[in-house]
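J.: Sharing a structure with you now.
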Amino acid sequence: MTNIDEDRLRLTSEELSDDIYSEEGAIRADVLALVGAAIADRDVLFLRQNVARLHESELGDLLEAIQPDQRLALVKLLGDDFDLTALTEVDETIRMEIVDQMPNAQIAAAIGDLDSDDAVYILEDLDKEDREEILAQLPFTERVRLSRALDYPESSAGRRMQTEFVAVPPFWTIGQTIDYMREEEDLPESFTQIFVIDPTFKLLGVIDLDRILRTKRQVKIETIMRDTNYPIHADMDQEEAAQLFEQYDLLSAAVVDDNGRLVGVLTIDDIVDVMQEEAEEDIMRLGGVGDEELSDTIKDTSRSRVPWLLVNLVTAFMAASVIGLFDATIQQIVALAVLMPIVAGMGGNAASQTMTVTVRALATRDLDIHNAWRIIRREAGVGLLNGVLFGVLIGLVAGLWFQDPNIGGIIATAMLINMMAAALAGIMVPLLLDKYGADPAVASAVFVTTITDITGFFAFLGLATWWFAIS
């Protein structure tokens, strides 16, 4: 018997569940080896006793860590014991790779055990034909709820909401409500609020569970319910909904349709996922890589990066053309060729700092028309201060390096000009793009870099040409 076989026999589900991660937070190598060996040996008993009992997030991490051929084999070996919720924890590429290999009947059977928001998350990426076939196999009520959620726009609150909630009429007593929750089997697994509705399902108010537990049985719901101050419209963008949760410290919120009728509920666990997704999306877009994922193929990754690299190539030629205007000066003074990348590089870095802060502030709505000019003045002041500081520093270094105070003065002045331009470009470009409906996270970097390169080269070489012409 090999060491892996012996370890596998000793390994219990509790050990695997409690300690599958290394100190760095990755799946342990020995766990991957054990699971891989079990898959290769088609050891269904081991996989069902250990892997199938993992938490959905742990199973998702495991699916991302093992080899692609092992993923499909693992899902097939687990069969009905595979927790479909784990697919909400993996990259879209991996999720589609697995779902495409699963029979629609198996997906439909598993969908019935999921929360509605998780079910929608999986169904929304399927082909229309497969999605309709899966929905047709579900009970009527569940099919209607999921179909209605799928009709809402992508990345909206309606797509993120759970359609399972607890709602009662205002004339019920606390005792009736408690008895209903005890006896009704079709309730959400966990909830913190009970919603109050009229016969048309129009939202009237809400009651927290702790308030119900502290109130006498004979008291009517309408006497202790409170207004729902922050109902979320089903068409609202999920990022806006997340901002409401953050602003008002919500744990859950009612989701309503155009007529104010209760259609679902958003919970804090979904909002945490939204915040993470939106933050990752902004970071990826700032880098010009769109919605690229680690599991993407070489071809897909290259395709997602090429468009912005082509735009960068065009802007690079624009900056190079500015240098070409001063080729005679550069030929006479070699020091200019050595030093000019410093001016452009420092400006680009300074602009990136301002741009990153600005794009994030626009995304979180901390920056708007009311405080824009104050922030612009602040960034201009920062650009001036940093321009003087680094201008003096690089001027002294360049002057001593080339034994020419003229070179030091020229690059110091150019540095000041470009740092000011970088600060203003870093905030003005995202603001203008946002004003005219473009996504500042996607387009800002190219324009800002172009501005700082052109300004830096033109200021440095232009000043040098002018100074040495008059001296």
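The values are calculated or read from the model by the stated rules, or taken from the named source; none is laboratory data. From a predicted model like this one, the values you see are computed outputs, not experimental measurements. Don't worry about glycine lacking a Cβ; one is built from the backbone with ideal geometry, like all the others, and counts go over all protein chains shown. Areas reflect the complete protein model, heavy atoms only, side chains present, ligands, DNA and RNA absent. Shrake-Rupley method; radii C 1.70, N 1.55, O 1.52, S 1.80 Å.
J.: Got a sec? Which residues in segment 134-165 would a label at Asn259 touch, if it sits 7 Å along Cα→Cβ and we count backbone N under 14 Å?
T.: Nothing falls inside the zone, counting backbone N under 14 Å.
J.: What net charge do the residues around Ile333 carry, taking every other residue with its C-beta under 13 Å from that of Ile333, with Lys and Arg at +1 and Asp and Glu at -1?
T.: The answer is -2.
J.: If amide hydrogens are placed 1.01 Å from N in the peptide plane, which non-local residues have theirs closer than 5 Å to the one on Ile197?
T.: Under 5 Å from the amide H of Ile197 lie the amide H atoms of Val168, Leu204, each far enough along the sequence or on another chain.
J.: If you count only protein heavy atoms and use a 1.4 Å probe, how large is the accessible surface of Val314, to the nearest 10 Å²?
T.: It works out to around 90 Å².
J.: Turning to a different aspect of this structure: Could you derive backbone 3J(HN,Hα) for segment 60-77 from the dihedral phi with the Karplus parameters 6.51, -1.76 and 1.60 (θ = phi - 60°), listing whole Hz in sequence and x where the residue is Gly or Pro?
T.: x, 4, 5, 4, 6, 7, 7, 6, x, 5, 6, 4, 5, 5, 4, 4, 5, 5
J.: While we're here: Taking the Cα centre as origin and putting +1 on Lys and Arg beta-carbons and -1 on Asp and Glu beta-carbons, what dipole magnitude results for the chain, to the nearest 20 debye?
T.: About 2400 debye.
J.: Right, something else. Rounded to whole Hz and in sequence order, give me ³J(HN,Hα) for segment 37-53 from the Karplus expression 6.51 cos²θ - 1.76 cosθ + 1.60, θ = phi - 60°, writing x for Gly and Pro.
T.: 5, 5, 5, 4, 7, 6, 7, 4, 4, 4, 5, 6, 6, 10, 5, 5, 8
J.: Using protein chains only and a probe of 1.4 angstrom, how many square angstrom of Ile283 are accessible, to the nearest 10?
T.: Per-residue accessible area (Ile283): approximately 120 Å².
J.: OK, next. At a Förster radius of 56 Å, what calculated FRET efficiency corresponds to the Cβ-Cβ distance of Ala26 and Gln137, to the nearest 0.05?
T.: So the FRET efficiency works out to roughly 0.90.
J.: Write down Rg/Rh for segment 124-226, rounded to two decimals, with Rg from the C-alpha atoms and Rh from the Kirkwood relation over Cα pairs.
T.: Rounded to two decimals, Rg over Rh is 1.07.
J.: Next up: Please list the non-local residues whose amide H lies under 5 Å from the amide H of Ser156, H modeled 1.01 Å from N, same-chain partners needing a gap of 5 or more.
T.: It is Gln238, by chain and number.
J.: Roll a 1.4 Å probe over the protein heavy atoms and report the accessible area of Glu222 in Å², nearest 10.
T.: Here the accessible area works out near 90 Å².
J.: Could you rank Val388, Val429 by how accessible they are, 1.4 Å probe, largest area first?
T.: My answer, sorted largest first, is Val388, Val429.
J.: A follow-up question, please. Compute the accessible area per residue over the chain, keeping the other protein chains in place, probe 1.4 Å, unit Å².
T.: With the other protein chains kept in place, the chain gives 53 Å² per residue.
J.: Using only Cα atoms, tell me the angle between helix 174-183 and the longest principal axis of the chain; keep it within 0 to 90° and round to the nearest 10.
T.: Rounded to the nearest ten degrees, it is 80.
J.: Could you tell me what percent of the accessible area of segment 135-285 is made up of carbon and sulfur, with a 1.4 Å probe and every protein chain present?
T.: Ligands and nucleic acids excluded, carbon and sulfur give 49 percent.
J.: Given a Förster distance of 56 angstrom, what is the FRET efficiency for Asp125 paired with Ile376, based on the Cβ-Cβ distance and rounded to 0.05?
T.: Computed FRET efficiency for Asp125 and Ile376 comes out at 0.85.
J.: Quick one: which residues, 5 or more positions from Gly264 or on another chain, have an amide H under 5 Å from its amide H? H modelled 1.01 Å from N in the peptide plane, none for Pro or chain starts.
T.: Counting only residues 5 or more places away or on other chains, the set is Val255.
J.: Shape call for segment 364-467 from the C-alpha gyration tensor, a ≥ b ≥ c root eigenvalues: rounded (a/c under 1.5), prolate (a/b greater than b/c) or oblate?
T.: Since a/c reaches 1.5 and a/b is larger than b/c, the shape of segment 364-467 is classed as prolate.
J.: Same structure again: Quick one, which of (i) 65, 46, 43; (ii) 95, 70, 41; (iii) 71, 48, 37 is the actual Cα extents along the principal axes in Å calculated for this model?
T.: Structure-derived value, by its label: (ii).
J.: What do you reckon, how do His370, His233, His55 stack up by accessible area (1.4 Å probe), largest on top?
T.: Of His370, His233, His55, the descending order of accessible area is His370, His55, His233.
J.: What do you get for trypsin sites (Lys or Arg not before Pro) in segment 15-78 restricted to DSSP loop and a cutoff of at most 13 other Cβ within 10 Å of the site's Cβ?
T.: Answer in residue order: Arg42.
J.: Still on this model: Stretch Asp113-Ser57 to full length: gain in nm at 0.36 nm per residue minus the Cα-Cα span?
T.: Full extension of this stretch gives 18.5 nm more.
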